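Q: Just passing along the structure, written as structure tokens.
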């Protein structure tokens, strides 16, 4: 191994359903074209929580394996002129092949050979050559890793808003105020739309207010609430210009269709479990000319846009990332997420001593080295 890089590292290894253990594992050895990156910060994610609860991911994780996929860090082993040793980078969790039918159709998110990477909940992570070539970006010097790590999920949200072409002056409803729902709401606000967020958790709705959302509704989306939203918050009581579902439940998908006006657009952004179905009134679909979209994943283009949004603070990262914790506390954080008591996103620092919590103010100054914490 290269000088200064240890043979083993601490990592959170998923062994099965709700079984994540902090272990010592070998540090990956990079091959030609690959980068070895010291993780500066990783972020918690709803997908990682699902992986933890299910014990696997059909396309990305087969236990035992180190998991986590939103991260930023510093290159420690490289033969790449674009990313020499010492470069601070953020990498998306996948890259397309650039050769298949869908890549040639300029739909790289649908690539039939989409290459994924996991392993961010560790001291080091290996970046495959294809991701290095397609979806690896240099981080501005003054941008903390806990902000830069937001790039991957934000890139997905950017694609979701672009797919339905949210425009200035439109009335947009975002169902769900989890991290992605909040990002979708903020991006819609930035287009000049009037945004309504609905979520049954008041603390999430409070975050939506900080992101510029006009109408916050902290209630469960019942048939009565559907009627109320349509009657009180939309022109002529006909429905919203655009509805984005960011929950991922078949029932909420159906409600999203009910809440859109004739000629409007629905984005079924939240992924539902395999085998579930959407039931749509065909009369409404046809005679009201409703357009239904479903956005999946990100593209190299939206990854680059995401870094720009984070770097210029149009997406206020620390409105979403509200706490810093140690890698050694990750199993506890996962349980907090399971109970719904965690922040929208928590920054996980491999170099932070166990039991330490960083506030938002401390996150702004912390670049992933525990020595910085001790020196303040």
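Q: Would you please put 224-233, 307-316, 30-39 in order of how densely packed they are, using the mean number of other Cβ atoms within 10 angstrom per residue and starting with the highest?
A: The packing order, highest mean first, is 30-39, 307-316, 224-233.
Q: When DSSP assigns beta bridges and you keep just the ones with both residues in the chain, what percent turn out antiparallel, to the nearest 5?
A: In the chain, approximately 55 percent of DSSP beta bridges are antiparallel ones.
Q: Hey, what did segment 15-88 get for relative contact order, percent, Cα under 8 Å, at least 6 apart?
A: Working: 101 pairs, mean separation 28.6, N = 74.
Once normalised by length, the contact order is 39 percent.
Q: Another question about this same structure. Given contacts defined as C-alpha pairs under 8 Å and at least six residues apart, what's the relative contact order of segment 156-293, whole-number percent?
A: 21 percent
Q: Here is a follow-up. Which of the three applies to segment 1-128, rounded, prolate or oblate, going by the alpha-carbon gyration tensor with a ≥ b ≥ c and a/c under 1.5 meaning rounded?
A: Cα axes put segment 1-128 in the oblate bin.
Q: For segment 156-293, just the Cα set please: Rg and Dmax, both in angstrom.
A: In order Rg, Dmax, the Cα atoms of segment 156-293 give 13.5, 39 Å.
Q: Right, another one. Of all the Cα-Cα pairs you can form in segment 158-216, what percent are over 13 Å apart? Don't jump to the answer; show the numbers that get you there.
A: Numbers: 860 of 1711 pairs.
Pairs farther apart than 13 Å: 50 percent.
Q: For the chain, build the convex hull from the C-alpha positions and give me its volume per residue in Å³.
A: 137 Å³
Q: With n ≥ 4 as the cut-off for DSSP H runs, can you work out [θ] at 222 nm for the chain, using -39500 (n - 2.57) per run divided by the number of residues, rounded to the nearest 500?
A: After summing the helix terms and dividing by residue count, I get -9000 deg cm²/dmol.
Q: Going highest first, how would you order 280-287, 348-355, 182-189, 60-67 by mean Cβ packing within 10 Å?
A: Highest to lowest by the protection proxy: 182-189, 348-355, 60-67, 280-287.
Q: At 4 °C and 1.567 mPa s, what whole-number value in µm²/s does Stokes-Einstein give for the translational diffusion of segment 49-207, with Rh from the Kirkwood sum over Cα pairs?
A: Diffusion coefficient, whole number: 73 µm²/s.
Q: In percent, what relative contact order does the chain have, based on Cα pairs under 8 Å that are 6 or more apart in sequence?
A: Reported relative contact order: 16 percent.
Q: Related question: Test of understanding: what is the full-extension gain from residue 18 to residue 116, defined as 0.36 nm times their sequence separation minus their Cα-Cα distance?
A: Gain on stretching residue 18 to residue 116: 33.1 nm.
Q: Show me the ranking of peptides 238-245, 113-120 by mean Cβ neighbours inside 10 Å, starting with the highest. Spell out each step's value before the answer.
A: On the way: 238-245: 25.6, 113-120: 19.9.
Highest to lowest by the protection proxy: 238-245, 113-120.
Q: Could you work out the Rg to Rh ratio of segment 271-337, with Rh taken as the Kirkwood radius (inverse of the mean 1/r over all Cα pairs)?
A: 1.16
Where a number appears in this text, it was derived from the coordinates with a stated rule and is not lab data. Note that this is a predicted model, so its numbers are computed, not measured. Note: ideal-geometry Cβ built from the backbone for every residue, glycine included; neighbour counts use all protein chains shown.
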